[in-house]
Amino acid sequence: MNTFEMKTVIHFGDNALERLKNIPYKRVLIITDPFVVQSKMIDLITAPLESAGIQYDIFHDVVPDAPVNKIAVGVKKFLECQPEAIVAVGGGSAIDSSKAIREFALKINNYGKVGLIAIPTTSGTGSEVTSFAVVNDTESHVKYPLISDSLTADEAILDAELVKSVPPAITADTGMDVFTHALESYVSTAHNEFSSALAEKAIEICGVFLLRAYLDGSDMHARKKMHVASCLAGLSFNTAGLGITHSMAHQLGAMFHIPHGRANAMLLPHIVEYNANINKHSKSQKEYMPAVKRYSNIAHILGLSNYNKVMTIRSLVNWIQFMQKEMNIPLTIQELGTITPDAYFAAIEKMADAALADACTANNPRVPTKEDIMKIYTKLWSF
């Protein structure tokens, strides 16, 4: 028996932030990052709370990749405030930090249910509807995915007003994160009809609106569509899981601080080729890997179908790389210009071990070996 469940109530569309006037809490802790406060974006959150007479405090010491030491500081703040709910405002790091802070604080001092309202300010992670959070051990350079139903937010508020000022580079990185979530969940060994439908719609939206949102940040129609696509992809992978693109990207982020969406985008063409096992000898194959049919479905949704399976997979890989080039996402580690070859190649074995142990690896459509992972990392350095 399979089960599909959506635990998060989603508010979206114009003026979605008005929901904050009607939340059933009298005292909340807002968890966000310094930029949200400094840019005055926080006013969009505090104004409806104030109009409803809801007390709030703000913790804004969130940094990228949710390091464990910052989670600990947030737990201390939580225990001081004793809120009835957390309002998480920001990208994946802020929402993941909020999930972890609530989880650990309640284990220390469980005084009852504490609500979680997630308000994303980027169209990327889908963390507002998932039971996942990623925390970063900065000393050992390892990212740990946390997975528990208790991490899932009670409500999500999707308001495109919060993403209209996101710069093009972040729009590109987060947008490709959405696409990767959808594609990996679609070919996951744990996919089902519900997760597949959500993934297909997210991919369709990315194909039409991602480049539009990148080229013109004021295109609010494209912004709204990508904000919804991010949530749809989150709902999909929350039930179907992900794959080794994410397992490997987690290590690139932990070791070299490559933004998560960018790392996903750089890895994804190589992972599609690996999972499909398409190579120069493929035309003589009698049978193809199970993922080939599902990748071909996605190519069809993107308008890329070709006259045979090999060319269809090639077309999908080329489309991903086309999007990278159009949005100035490097195709190789060497192009980043911030990592030396000695440092990178010295880290490959450790990253491969960590990627194999990563929770996302279990649902990859092709079972990788350590050598497979190391080979993909090596190919990623340069063409």
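The values are calculated or read from the model by the stated rules, or taken from the named source; none is laboratory data. What you are looking at is a predicted structure, and each value in this text was computed from that prediction instead of being measured. Here Cβ is always computed from backbone atoms with ideal geometry, including for glycine, and neighbour counts include all displayed protein chains. Side chains are part of the model used for accessible areas, which takes the heavy atoms of the whole protein and leaves out ligands, DNA and RNA. Shrake-Rupley method; radii C 1.70, N 1.55, O 1.52, S 1.80 Å.
If the condition is being within 18 Å of residue 97 (Cβ to Cβ), in a helix (DSSP H, G or I) and either among the hydroxyl-bearing types (Ser, Thr, Tyr) or touching a strand residue (DSSP E or B) at 6+ places or on another chain (Cβ under 9 Å) (or both), then the range 32-48 contributes 35, 36, 37, 45.
Among the residues making up the range 296-338, those that are under 17 Å from residue 173 (Cβ atoms), open to solvent by 10 Å² or more (accessible area, probe 1.4 Å), not polar (S, T, N, Q) and not in a helix (DSSP H, G or I) are 330, 331, 337. Evaluated against (1) in a helix (DSSP H, G or I); (2) in contact (Cβ under 8 Å) with a residue 24 or more places away in the chain; (3) within 26 Å of residue 324 (Cβ to Cβ), residue 150 falls short on exactly one condition, (3). Of the candidates 276, 213, 263, the single residue that is farther than 23 Å from residue 352 by Cα and buried (at least 23 other Cβ atoms within 10 Å of the Cβ) is 213. The residues of the range 1-28 that are touching a helix residue (DSSP H, G or I) at 6+ places or on another chain (Cβ under 6 Å) and of a type in the set (Phe, Trp, Tyr) amount to a single one, 4. Answer yes or no as to whether residue 71 is in contact with a Ser or Thr (Cβ under 9 Å, 6 or more places away or on another chain), outside any strand (DSSP E or B), open to solvent by less than 40 Å² (accessible area, probe 1.4 Å) and in contact (Cβ under 8 Å) with a residue 24 or more places away in the chain. Here the answer is yes, as residue 71 does meet what is asked. Contact map, the range 314-335: residues that are among the small types (Gly, Ala, Ser) paired with residues that are outside any helix (DSSP H, G or I), Cβ distance under 7 Å, separation 6+ or inter-chain. Pairs shown: 315/304; 315/306. Has the range 345-361 got any residue that is aromatic (Phe, Trp, Tyr), modelled with pLDDT of 95 or more and open to solvent by less than 60 Å² (accessible area, probe 1.4 Å)? Within the range 345-361 (the criterion being aromatic (Phe, Trp, Tyr), modelled with pLDDT of 95 or more and open to solvent by less than 60 Å² (accessible area, probe 1.4 Å)), the answer is no, since none of the residues qualifies. Scanning the range 182-197 for residues being open to solvent by less than 30 Å² (accessible area, probe 1.4 Å) and either not acidic (Asp, Glu) or not in a helix (DSSP H, G or I) (or both) gives a total of 9.
When we screen 270, 246, 250, 257 for residues that are over 19 Å from residue 304 (Cβ atoms) and surrounded by fewer than 24 Cβ atoms within 10 Å (Cβ to Cβ), the only hit is 257. Once the range 49-61 is narrowed to residues that are open to solvent by 10 Å² or more (accessible area, probe 1.4 Å), in contact with a helix residue (DSSP H, G or I) (Cβ under 9 Å, 6 or more places away or on another chain) and not small (Gly, Ala, Ser), the residue that is modelled with the lowest pLDDT is 61.
For the range 77-124, the set of residues classified as among the acidic types (Asp, Glu) and either within 15 Å of the chain's Cα centre (by Cα) or surrounded by 20 or more Cβ atoms within 10 Å (Cβ to Cβ) (or both) consists of 96 only. Kindly list the number of the only condition in (1) at pLDDT below 95; (2) open to solvent by 20 Å² or more (accessible area, probe 1.4 Å) that fails for residue 162. All conditions are met except number (2).
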